[in-house]
Amino acid sequence: MRIGVYPGTFDPVTLGHMDIIRRGAKLVDKLIIGVSTNPAKSPMFALDERVAQVRRETADLGDAVGVVAFDALLMKFAEAEGAQIILRGLRAVSDFEYEYQMAGMNQQLNARIETVFLMADVALQPIASRLVKEIAVYGGDIRKFVTPRIAADVLARVADPRAPLTDVTAPGG
Ligand code: ADP
């Protein structure tokens, strides 16, 4: 069985991530989305909330996709999941330097696991979680960049830092 891992912070998951997930899921038998703790980024949503959000938004993909939290070296996580592929999305030149270094070092850590890069639909390429949060904080419309439930989560969190997620008990949540 071909297994891929797609790691990221997903704070929050955007339509850009969702597009990469859908494309990636077609390339492997099982795509495991690894939601990383990443405390250095001071996330808007806690780790368990980000996992719940990604589960909720990918519920329609069924068993083809799994969502797990991870707090380890990416290569160790990929090995533990039995993956042959690490999936990353590439947006622009700005992503390239970091991704190039990471893929190169990961090759040295385990040459049997390949990093595969995908590009999102052209309209979704500029989307970044950081900008979605910034736009929301300044009262802009984020509905073109995230799903309606993620938009509701972000707006609620901007209004009240303790606001709970919307509808986390939805199927797959
Ligand atoms: P990280 O903290 O690892 O950058 P992110 O959640 O921001 O995690 O992103 C996870 C992966 O998804 C990265 O490979 C990133 O380049 C990719 N990605 C994010 N947004 C987009 C997008 N709009 N189009 C294509 N790839 C994207």
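The values are calculated or read from the model by the stated rules, or taken from the named source; none is laboratory data. All values derive from a computational prediction rather than experimental measurement. Every residue, glycine among them, receives a Cβ derived from its backbone with ideal geometry; neighbour counts consider all protein chains shown. Calculation scope for accessible area: heavy atoms of the full protein, side chains included, ligands and nucleic acids excluded. Shrake-Rupley method; radii C 1.70, N 1.55, O 1.52, S 1.80 Å.
Would you mind stating whether ALA46 is surrounded by fewer than 15 Cβ atoms within 10 Å (Cβ to Cβ), within 13 Å of the ligand (Cβ to nearest atom) and either closer than 21 Å to THR147 by Cα or small (Gly, Ala, Ser) (or both)?
Taking the combined requirement at face value, the residue does not satisfy it.
Looking at region 133-145 only, could you name the residues that are in a loop (DSSP other than H, G, I, E, B), more than 9 Å from the ligand (Cβ to nearest atom) and open to solvent by 40 Å² or more (accessible area, probe 1.4 Å)?
Selection gives TYR138, GLY139, ASP141, ARG143, LYS144.
Restricting to region 115-132, what's the tally of residues that are small (Gly, Ala, Ser) and assigned to a loop (DSSP other than H, G, I, E, B)?
Looking only at that region, the number is 2.
For a quick check of your reading: which helices (runs of 4 or more DSSP H) sit entirely within region 1-114 and have at least 3 residues that are touching a residue at least 24 places away in the same chain (Cβ under 8 Å) and under 25 Å from ARG162 (Cβ atoms)?
Output list reads 47-58.
Taking region 98-117 as the search range and keeping residues that are more than 26 Å from MET44 (Cα to Cα) and near the ligand (Cβ under 10 Å from one of its atoms), which one is surrounded by the most Cβ atoms within 10 Å (Cβ to Cβ)?
Checking each candidate, the answer is THR115.
Need the failing condition index for GLY89 against (1) among the small types (Gly, Ala, Ser); (2) under 20 Å from PHE145 (Cβ atoms); (3) more than 12 Å from the chain's Cα centre (by Cα), just the number.
Every listed condition holds for GLY89 apart from (3).
Considering only residues that are out of contact with any strand residue (DSSP E or B) (no Cβ under 8 Å at 6 or more places or on another chain) and crowded, with 22+ Cβ neighbours inside 10 Å, which ones fall in region 53-74?
GLN53, ARG56, GLU57
Given the structure, is ASP29 closer than 23 Å to ARG130 by Cα, open to solvent by 60 Å² or more (accessible area, probe 1.4 Å), more than 13 Å from the ligand (Cβ to nearest atom) and out of contact with any Gly (no Cβ under 8 Å at 6 or more places or on another chain)?
Here the answer is no, as ASP29 does not meet what is asked.
Collect the residues in region 118-127 that are closer than 30 Å to ALA80 by Cβ and open to solvent by 70 Å² or more (accessible area, probe 1.4 Å), keeping them in residue-number order.
If the condition is that a residue be closer than 30 Å to ALA80 by Cβ and open to solvent by 70 Å² or more (accessible area, probe 1.4 Å), then MET119 is the only one that fits.
Provide a single number: the residues in region 75-97 that are of a type in the set (Val, Ile, Thr) and more than 10 Å from the ligand (Cβ to nearest atom).
Here the count works out to 2.
All but one of (1) open to solvent by 10 Å² or more (accessible area, probe 1.4 Å); (2) touching an Asp or Glu at 6+ places or on another chain (Cβ under 6 Å); (3) within 13 Å of the ligand (Cβ to nearest atom) hold for MET1; which doesn't?
(3)
Can you name the condition, by its number, that ARG130 falls short on among (1) exposed (fewer than 15 other Cβ atoms within 10 Å of the Cβ); (2) more than 10 Å from the ligand (Cβ to nearest atom); (3) within 19 Å of LEU15 (Cα to Cα)?
The single condition ARG130 does not satisfy is (2).
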